[in-house]
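In what follows, a single structure is set out as structure tokens and then discussed.
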Amino acid sequence: MKKWLIPLIYIAIMAAAFAYREQISLLLDHPPSPLMMLVLAALLALFPVIPYKLVIAAIGMLYGPWAGALITVTGSTLSGIILYAAGAVWYRNDAASLVERYPAMRRFTSYVARHPFESVLLYRLLPVVPQWVINLYAGIAAIPFRLYLSASVIGKLPGIFVYAFLGSSLFSHPLLAAEILGFYLLFVAAAVWGYKRRSARRTG
């Protein structure tokens, strides 16, 4: 059942947006300033009270795919830096003692330490992994900040652009939006498959 959960969530979000398209369209007449939306995007990434993919789509609807993607990648990156710092400063010692208790966590942490860039990159691509968890874990695991930041931005960009494009084109080109989403999910599945094969060769 879990393998079908994520596509069902995407379909439900798109259906809800389409059902309320008239109410949502009213927002387009008076969008907030980009700076205010940037602050809001950072806060909603820091405190994920609603699915962030819906936030990206809404911002893409208001500002278009390029500006919407720029606003959300900047806002989410700012919130990520805050959580990375929190993990590095406040939680590293407690997490280290917790990791030592569980062999599986030790193996995972050891692998991430050997391959930090590709690990952060992959988990940024995965739509099922909460982004705040990645931010905290990167700080706790002492992943070098430059590697964390570059892998995070590169890993975020495909998904953020896709959802910003979905928001900007869902009403005008719904079939194209569905095709773009389908290609993105196939891309993510291929990335996961390649990562698992590479990991198996290294540990085999």
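Assorted remarks:
- Alpha carbon centroid spacing (whole Å) that separates the range 141-174 from the range 49-74: 10
- Packing-based order for 118-126, 69-77, using average beta carbon neighbours within 10 Å, highest first: 69-77, 118-126
- Under the Debye formula (equal points on every Cα, no solvent term), log10 I(q)/I(0) of the range 33-203 at q = 0.12, 0.17, 0.19, 0.20 Å⁻¹: -0.58, -1.05, -1.22, -1.30
FYI, it's all coordinate maths here, none of it is from the lab. Just so we're clear, the structure is a prediction, and the values are computed from it rather than from any experiment. Neighbour counts run over all protein chains shown; Cβ positions are idealised from the backbone, glycine included.
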